[in-house]
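Reviewing the structure listed below.
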Amino acid sequence: MAEVKLHGAVLPSAFFYRVIWALKLKGVPYEFVAEDLSNKSASLLKYNPVHKKIPVLVHGGKPVCESMVILEYIKETWPQNPLMPINPYDRALARFWIKFAEDKGVAVWKMFSSTGQELQSTMKEALEMLQTVEEHGLGEKKFSMETILA
């Protein structure tokens, strides 16, 4: 198997984590290359000259950028242990919730860097997002005002 390297930050983002999870679920060994995003390495700039950001997967010396593109590449390169359901309708539902999390899940990450009124606003947004997931995406109650704010 060709060498696999994953360029990412020491404090990774949700975009980076989904690539890590996919590689682990697929059983693909990889080398982690830590990037200092305040002082980008020559290899990061070489492998992702357009956006100059992480994650970047390098497989056999060939870079693949952008987390969703990387996930598609992983799916096509290592077909074992599928990441998505076999049934087309179930795959569509999974894609819907992935897109929902991409669009709305930012509020959860923003809570870690917010203060004051902005923190209150992001907490409200995050709670609304979790309540939507609870109502429509999980089947049984996992999130509620009582369990989140307890």
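May I ask you to list pairs of residues, at least six apart or on different chains, whose Cβ atoms are under 8 Å apart, with the first in segment 83-106 being modelled with pLDDT under 80 and the second being surrounded by fewer than 12 Cβ atoms within 10 Å (Cβ to Cβ) and polar (S, T, N, Q)?
Listed pairs, sorted by first residue: none to list.
Given (1) surrounded by fewer than 16 Cβ atoms within 10 Å (Cβ to Cβ); (2) under 20 Å from the mean Cα position of the chain (by Cα); (3) not small (Gly, Ala, Ser), where does Ile86 come up short, assuming only one miss?
Result: Ile86 passes all but (2).
Would you check which residues across segment 30-44 are open to solvent by 70 Å² or more (accessible area, probe 1.4 Å) and either within 11 Å of Cys65 (Cα to Cα) or among the hydrophobic types (A, V, I, L, M, F, W, C) (or both) and list them?
Phe32, Leu37, Ala42
Restricting to segment 7-19, what's the tally of residues that are in a helix (DSSP H, G or I) and either modelled with pLDDT under 95 or exposed (fewer than 12 other Cβ atoms within 10 Å of the Cβ) (or both)?
Residues in segment 7-19 being in a helix (DSSP H, G or I) and either modelled with pLDDT under 95 or exposed (fewer than 12 other Cβ atoms within 10 Å of the Cβ) (or both): 5 in total.
Could you list, in sequence order, all residues of segment 20-29 that are open to solvent by 60 Å² or more (accessible area, probe 1.4 Å) and assigned to a loop (DSSP other than H, G, I, E, B)?
Correct list: Pro29 only.
State which residue pairs qualify: first residue on the phi > 0 side of the Ramachandran plot and inside segment 17-31, second residue modelled with pLDDT of 95 or more in any location, beta carbons under 9 Å apart, and separation of 6 or more residues or different chains.
Gly27/Trp78
State which residue is farthest from Ala101 (Cα to Cα) when the search covers only segment 119-138 and only residues that are open to solvent by 80 Å² or more (accessible area, probe 1.4 Å) and either modelled with pLDDT of 85 or more or outside any helix (DSSP H, G or I) (or both).
Ranking the candidates gives Gln120 first.
The values are calculated or read from the model by the stated rules, or taken from the named source; none is laboratory data. The shown structure was predicted, so the numbers you read here are calculated from the model rather than taken from an experiment. As a convention, Cβ positions derive from the backbone with ideal geometry for all residues, glycine included, and neighbour counts pool all protein chains shown. Quick note on the areas: whole protein, heavy atoms, side chains included, nothing else; ligands and nucleic acids left out. Shrake-Rupley method; radii C 1.70, N 1.55, O 1.52, S 1.80 Å.
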